[in-house]
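Working notes for the structure below.
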Amino acid sequence: MARKKRATIHVQQVKSGIGYSRRQSEVLKGMGLRRMHQIVELPDNEASWGMVRKVPHLVRVLEPEDAGGSASGEKEKKQ
């Protein structure tokens, strides 16, 4: 199963790390995720995908059009 090669991937935290092992919480921290529904941009490499594989029940990988351009996790203001 081949993935499309991208420069970066967007990862969103969908579940809290509380109640899971400390190791899993540290993987979230290593990815730069600090709070629920935050989206971070990571390089598309084996290390990033390895972290995603360690906590698939806590995060989801977004497609580029799903990321919405707010990779900092902040909500966009409607005008």
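Side notes on the structure shown:
- Tallying residues that are of a type in the set (A, V, I, L, M, F, W, C) and either more than 11 Å from I9 (Cβ to Cβ) or outside any helix (DSSP H, G or I) (or both) within the stretch 29-60 yields 9.
- Qualifying residue in the stretch 63-71 (condition: among the charged types (D, E, K, R), in a loop (DSSP other than H, G, I, E, B) and at pLDDT below 95): yes
- Count of the stretch 1-27 residues which are among the hydrophobic types (A, V, I, L, M, F, W, C), in contact with a Ser or Thr (Cβ under 9 Å, 6 or more places away or on another chain) and surrounded by 14 or more Cβ atoms within 10 Å (Cβ to Cβ): 2
The values are calculated or read from the model by the stated rules, or taken from the named source; none is laboratory data. If you're wondering where the values come from, they're calculated on a predicted model, not measured in any experiment. Neighbour counts run over all protein chains shown; Cβ positions are idealised from the backbone, glycine included.
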